[in-house]
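Inspection log for the structure reproduced underneath, given as structure tokens.
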Amino acid sequence: MKKASLFMLLGMMLLPVLFVWGGGQPPAEEGPVTITIYRGGITIDPETDPVVLELEKRLNVDLKFVTAPWSENRQKVNLILSTGDDVDIVTTVDNIPKWQSEGAIIALDEYIGEGSHPYIYKITNSTTFTPLKIEGKAWAIPQVPLGVAWGTMVRQDWLDELGMDPPQDEEQLYKALKGFKEMDPSGQTTGFQFEGDRQIRRTTIPIMSIFGVPSSFWDQHVNFDIRGGKLTHICTMDKTKAALKYMNRLYNEGLINHDFPSMNSFPQLTEKYIMTGKAGMGWVINPFTSQAARLKEIDPGSEVSLLQPFSAKGYEFRRAQGMMVQIYAVVTSKSKNPAKAIECLEYFQSLAGRRLLVAGVEGVHWSSFSAEGIFERNEARWEQDYGKQLYHPLNFYLGQGNCEGYVPAKDYATFEEAYANAVPFVPASKKDEANVRLEYKEGAKWFGDPNPVQFVLFPEHNDLENAVIDAIVIGWTKCIAAKPGEFENTWEDHQAELKRVGLDRWTALYQDYYDKNIK
Amino acid sequence: MTAFDVFNYTLLILFALTTLYPLWNILVISISTDQAYYSDWYHIVPKSFTLRPYLHNFKEIRVVRALLVSIFITVTGTAVTMTVTSMAAFFLSKSYLRLRNLVFILFIITMFFDGGLIPLYILVQKLHLRNTLFSLFLPTLMSMYFLILMKNYFTEMPVSIEESARIDGANDFVILFRIVLPSAKPILFTISLFYAVQFWNDWFNALLYLTDRKLYPLSFYLREVISSAITEEVAAVVDVGAPATIQASAIIITVLPIILVYPFIQKHFVKGILLGSTKE
Amino acid sequence: MPNQLREIRHDPLGKHIRRYRYLYLMILPALAWLIIFRYLPIYGVTMAFQNFSLNKGFFGSPFVGLKHFQWLLSDPGFKRAFINTWLINVGKLALGFTSTIALAILINEMRHILVKRSIQTITYMPHFVSWVIMAGIFNSLFAYETGAVSHLLEVIGLGKFDFLQDNRYFRVFVVVSHVWKEVGWGSIIYLAAIAAINPELYEAAWVDGAGRFRQLLYITLPGIASTMIIVFILNLGSVLNWSFDQVYNLYSPLVYETGDIMQTYIIRNLSHNPNFSRLAAAGFIRSFIGMTLLVVANSLARRWGRASIY
């Protein structure tokens, strides 16, 4: 017994030693270079996936993937960049100035040429993204979605039942929502589904727009109304007050879900309200035709249509502003083959690369592509390989984010022009069902005015930025959820708080930048 | 049955009903069809039955592998840590050991101060433990909390148990493993249960150290499945059915082993009291 | 005999270790693990005292002393979060401590084995449901207008409470819901401790005519006293670290005033602009206070004489 336990102990203590000794370097091989890419939520098997194998063949690389579940995506990205892991390309990164100052990523300029890397060159030098340059160099490739496939969905079947037309002003909107609520005797139905917390910025877009406030999908703290060269932050505008007051009225009558302040996940929200038939309207950020299809499976009588823009009485409709991108692809400073990595990234954006990543392997999954981006899919083979998925899973964020198409950077002088002429890919069989093109056109009615200062950052003023963001989120939530009769006071408090945290200073920073660089 | 008993049973049964609700709710959701799920608000009475959410979790053969990985790290991790922890607790319970207090303070300091994620990650990297199964239980092997609970238990045990064995010439290893531990069944099973639950549920180590998906433990694998079912961009184009049902089935899968194992441990809790109370 | 004892007490260290060599061997694996996985990486604590930059690493980042601590302690948001953390977590400690013991005792008093075991199993179930899920369930149940519990409270005449969005009730809700969720699992350690009490003591008491209540007072409670003290002191040491998952999933801007705790406050600011050093400094403050609490509590426990951690 004695000896046995002693040996066991020694054995256990030797284990770590074995591991330190073990693991040498494999002998250096000739042949394809290994490129390791981080991308969240990978569900395919890279060893056997036809698209990956084809990519490796065309690029003459050995592709390895590091991944994490989407819910842990940000943490994993931070970890990889913080610890200098053996990864060449990292996608879905944000806060580029931070990683640049930490020395975790490399500058791309010396590797890209306009002829050899048309997409990367154009996008990093475009006027929209010039503010992203640090020390005059480009450090990251923005991942832009093809277009804007959102809008406000409304239950057309409910409108029909109420005998109402789609609302043309805020009073009609109110009546419609009230009608929706009263249709449900249990009282559980609300009218408009709302997201809260920091997502309040995008949920409020429909209402803000009809009151003429240039709101945005991303950061409210960089939302300014620019007239005659003067910047006014939207939080101080009277129109914003009118919009919030209207929302407060809706809230107090139960026409906005009461739990919105703690609802910060769009999928959860949609699952809870729209999919269960407990909300008649909502700002949807996914291709809504797919959601509508799902809703139809659940409730065959449902009909979903998109709200057309209108204005509140006495106001002028204003689209939400900005470009929907806040994530980037970077090449790490630990990469041993940066040139090859960048070559891969460029290929992912090329026409051949996009077709591969979105539609699959030519001759296997599809046979022909029309100029408008409609392709003939081999349905049997696709279903066998990828089940019911519309597009290849690697498409997301490996290349353009949410982009099911191609931006023809080679054919246009500037990135903005190319982007405006982007070609969405749609399988012929789904041409009408997932009417991606229609969605983008409809969505563009609500979103897409340019915001010249969207990508301007001031890393030295992080604390100010945090304080401003907090003040906006808290202020708007409180205004919308104000008890009856309390709105005016709450608004005044909100204005006072904005002053206290320094919104004036914040606006001045952007005004300065605007005067110097844009005017 | 006294009045107190009636009160006690009523109170506890009511309380148990409230604590039953969440898991019951989740169970009902996990066997609901999409239609039934969306039309029901409270999910108390099952309105449908389908095993589709469970099948979605099991549709890949990888899940079997993930299950085996989880079983391996739970069993191995618990076995290793219980050995190490009980030896350490035994040591710490002997007040005549001169270095004991020093060692103890070394342990306690780590309860409050640790270097954070980055140094640990670099260390694991340098030890070449990254992407191995060992990285899933070695870095978080011991819990000071459980160690102290165990040490306290040993301190409370009467010395007489050991004395007769010592007089017979047995060394400390024999005493610990042959005599002390068998008499310490309640604490042994309790701490083992706590550790086992920890290892079974942990996914953070997998997130940090694993790049090879083949090594994913079940907890992490399920997290991936759920994540892809509810991510905005993915959910729009992939038809998985109501994400909540998949999430619910994943929770049930994770909790089920613990509920099944627990009764075997319960046996050892009842012993002490039952003997003294049968003469009511 | 006395000579022998004197020898043992005055052993030089080497001889002492050799005498108890098996015991010292026993501590080696744990000690090895501790040194490798806890002490080797401990240089990371210096992050709180630097302007940490990944580029420069731990040994190259500039040393800034207490700058981050000064920022934190003068920031009104952090101060408010600090107070909320205390109030919520100490509330949990107090209520949780008493409830887990009470539950263990009550379960123990049950005679019917099947019911007893089922109740034990059922009461620990919520422990395994994460706060992400539980928050979703609570949002439905306790919703002001549409929640089942709200309706129930209205029906029995207690009126309506906006638990999740009203600053008057949020903290209480957090404390009570946490205790409800964890009391079952927390009582397991006490059930184990009760099981360890010598049954002969109960027999002897019964023979002497002591009823159940006296048995509880004079045998059960003293029997688990050391466990109670240890658990309490250990919890006190970690009390400032609790509540993150729960609050993060339950709170909203409407209740930041009473519900925002240190970790949620820092996370909110971090998610936009990661400042590792500030995060480390906040953690350091929590650890330092926790350690002080533990040391003080332990000294008091030692003086009392019943049981202590060291």
- Note on the structure: Of the residues in the range B:60-71 that are in a helix (DSSP H, G or I) and open to solvent by 90 Å² or more (accessible area, probe 1.4 Å), the one that is farthest from the other protein chains (Cβ to nearest Cβ) is B:Leu68
- Task: Look at the range A:294-340 and say how many of its residues are open to solvent by less than 60 Å² (accessible area, probe 1.4 Å) and at positive phi.
- Result: 1
- Residue pairs qualifying under the 6 Å Cβ cut-off, at least six apart or on distinct chains, with the first in the range B:32-59 being open to solvent by 50 Å² or more (accessible area, probe 1.4 Å) and the second being of a type in the set (D, E, K, R), are B:Lys47/B:Asp40
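Among the residues of the range C:82-115 satisfying the criterion of being without any contact (Cβ under 8 Å) to a residue 12 or more places away in the chain and within 30 Å of B:Ile29 (Cβ to Cβ), which is nearest to the other protein chains (Cβ to nearest Cβ)? Talk me through it step by step, then tell me what you get.
Taking the range C:82-115 and keeping what is without any contact (Cβ under 8 Å) to a residue 12 or more places away in the chain, we get C:83, C:94, C:98, C:102, C:106, C:110-115.
Still in the list and also within 30 Å of B:Ile29 (Cβ to Cβ): C:114-115.
Details: C:Leu114: 11, C:Val115: 7 Å.
That would be C:Val115.
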- Task: Could you run through the range B:175-228 and say how many residues are at the interface with another protein chain (Cβ under 10 Å from one of its Cβ atoms) and farther than 28 Å from A:Arg39 by Cα?
- Result: 16
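Helices (runs of 4 or more DSSP H) wholly in the range B:133-210 with at least 1 residues that are among the charged types (D, E, K, R) - which ones? Write out each step before concluding.
Numbers: elements: B:144-156, B:160-167, B:185-201, B:204-209.
Where helices (runs of 4 or more DSSP H) fall fully within the range B:133-210 and carry at least 1 residues being among the charged types (D, E, K, R), they are B:144-156, B:160-167, B:185-201.
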- Task: From (1) touching a strand residue (DSSP E or B) at 6+ places or on another chain (Cβ under 7 Å); (2) assigned to a helix (DSSP H, G or I); (3) open to solvent by 10 Å² or more (accessible area, probe 1.4 Å), pick out the condition that doesn't hold for A:Trp139.
- Result: (2)
- Task: Kindly list the number of the only condition in (1) modelled with pLDDT of 90 or more; (2) in contact with an Asp or Glu (Cβ under 9 Å, 6 or more places away or on another chain); (3) open to solvent by 20 Å² or more (accessible area, probe 1.4 Å) that fails for A:Ser265.
- Result: (1)
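State yes or no: is A:Asn462 free of Cβ contacts under 8 Å to residues at least 24 places away in the same chain, more than 30 Å from A:Lys296 (Cα to Cα) and buried (at least 20 other Cβ atoms within 10 Å of the Cβ)?
Working: free of Cβ contacts under 8 Å to residues at least 24 places away in the same chain: yes; more than 30 Å from A:Lys296 (Cα to Cα): yes; buried (at least 20 other Cβ atoms within 10 Å of the Cβ): no.
Taking the combined requirement at face value, the residue does not satisfy it.
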- Filtering the range C:61-110 for residues that are open to solvent by less than 70 Å² (accessible area, probe 1.4 Å), over 25 Å from C:Leu216 (Cα atoms) and outside any helix (DSSP H, G or I) leaves a count of 5
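Yes or no, residue by residue, for (1) more than 23 Å from A:Ile518 (Cβ to Cβ); (2) in contact with a Leu (Cβ under 7 Å, 6 or more places away or on another chain):
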position	(1), (2)
A:Glu171	yes, no
A:Lys178	yes, yes
A:Gly187	yes, no
A:Gly191	yes, yes
A:Asp225	no, no
- Query: For the range C:116-165, what are the residues that are open to solvent by less than 50 Å² (accessible area, probe 1.4 Å), at pLDDT below 85, within 7 Å of another protein chain (Cβ to nearest Cβ) and farther than 27 Å from C:Phe244 by Cβ?
  - Reply: C:Thr146, C:Ala148
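Just one of A:Arg377, A:Arg354, A:Arg381 is touching a Gly at 6+ places or on another chain (Cβ under 7 Å) and of a type in the set (D, E, K, R); which is it?
Numbers: A:Arg377 fails: touching a Gly at 6+ places or on another chain (Cβ under 7 Å); A:Arg381 fails: touching a Gly at 6+ places or on another chain (Cβ under 7 Å).
Matching residue, one of A:Arg377, A:Arg354, A:Arg381: A:Arg354.
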- Has the range C:270-281 got at least one residue that is open to solvent by 30 Å² or more (accessible area, probe 1.4 Å), among the small types (Gly, Ala, Ser) and away from chain B (no Cβ under 13 Å)? yes
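Okay, residues lined up against (1) facing another protein chain (nearest Cβ under 9 Å); (2) in a helix (DSSP H, G or I):
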{"site": "A:Arg202", "(1), (2)": "no, yes"}
{"site": "A:Pro261", "(1), (2)": "yes, yes"}
{"site": "A:Leu269", "(1), (2)": "no, yes"}
{"site": "A:Ile274", "(1), (2)": "no, no"}
- Task: Using the structure shown, decide if A:Trp491 is under 30 Å from C:Phe78 (Cα atoms), under 25 Å from the mean Cα position of the chain (by Cα), aromatic (Phe, Trp, Tyr) and not in a loop (DSSP other than H, G, I, E, B).
- Result: no
- Residue match in the range A:146-166 (condition: of a type in the set (Asp, Glu) and under 27 Å from A:Ser265 (Cα atoms)): yes
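Mind checking whether some residue in the range A:229-237 is away from every other protein chain (no Cβ under 11 Å), β-branched (Val, Ile, Thr) and open to solvent by less than 10 Å² (accessible area, probe 1.4 Å)? Give the derivation first.
If we filter the range A:229-237 for residues that are away from every other protein chain (no Cβ under 11 Å), which is where we start, we get A:229-237.
Among the residues that remain, those that are also β-branched (Val, Ile, Thr) are: A:232, A:234, A:236.
Right, trim to open to solvent by less than 10 Å² (accessible area, probe 1.4 Å) and you get A:234.
The answer is yes, given that some residue of the range A:229-237 is away from every other protein chain (no Cβ under 11 Å), β-branched (Val, Ile, Thr) and open to solvent by less than 10 Å² (accessible area, probe 1.4 Å).
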- Query: How about the range C:66-86: which of its residues are of a type in the set (Ser, Thr, Tyr) and touching a helix residue (DSSP H, G or I) at 6+ places or on another chain (Cβ under 6 Å)?
  - Reply: C:Thr85
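Can you find, within the range C:231-260, the residue that is nearest to the other protein chains (Cβ to nearest Cβ) among those that are outside any helix (DSSP H, G or I) and of a type in the set (Phe, Trp, Tyr)?
In this case the residue turns out to be C:Tyr251.
Listed here are the residues, each with its yes/no results for (1) of a type in the set (D, E, K, R); (2) facing chain B (nearest Cβ under 9 Å); (3) open to solvent by 50 Å² or more (accessible area, probe 1.4 Å).
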site: C:Arg171; (1), (2), (3): yes, no, yes
site: C:Ser177; (1), (2), (3): no, no, no
site: C:Lys181; (1), (2), (3): yes, yes, no
site: C:Glu200; (1), (2), (3): yes, yes, yes
site: C:Glu203; (1), (2), (3): yes, yes, yes
site: C:Leu217; (1), (2), (3): no, no, yes
- Members of the range B:74-114 that are more than 17 Å from C:Ile230 (Cβ to Cβ) and surrounded by 23 or more Cβ atoms within 10 Å (Cβ to Cβ): B:Thr74, B:Gly77, B:Thr81, B:Val84, B:Met87, B:Phe91
- Item | strands (runs of 3 or more DSSP E) contained entirely in the range A:293-388, each with at least 1 residues that are modelled with pLDDT of 90 or more, over 22 Å from the mean Cα position of the chain (by Cα) and closer than 26 Å to A:Leu59 by Cβ | A:366-369, A:374-377
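Specify the residue that is farthest from the other protein chains (Cβ to nearest Cβ); the eligible residues are those in the range B:115-130 that are assigned to a loop (DSSP other than H, G, I, E, B) and open to solvent by 50 Å² or more (accessible area, probe 1.4 Å).
Narrowing the range B:115-130 to residues assigned to a loop (DSSP other than H, G, I, E, B): B:115-116, B:127-130.
From the residues that got through so far, the ones that are open to solvent by 50 Å² or more (accessible area, probe 1.4 Å) too are B:128, B:130.
On the way: B:His128: 4, B:Arg130: 9 Å.
The extreme case among them is B:Arg130.
The values are calculated or read from the model by the stated rules, or taken from the named source; none is laboratory data. No experiment lies behind these values; they were computed from the predicted model shown. All Cβ positions, glycine included, derive from the backbone under ideal geometry; neighbour counts span all protein chains shown. Quick note on the areas: whole protein, heavy atoms, side chains included, nothing else; ligands and nucleic acids left out. Shrake-Rupley method; radii C 1.70, N 1.55, O 1.52, S 1.80 Å.
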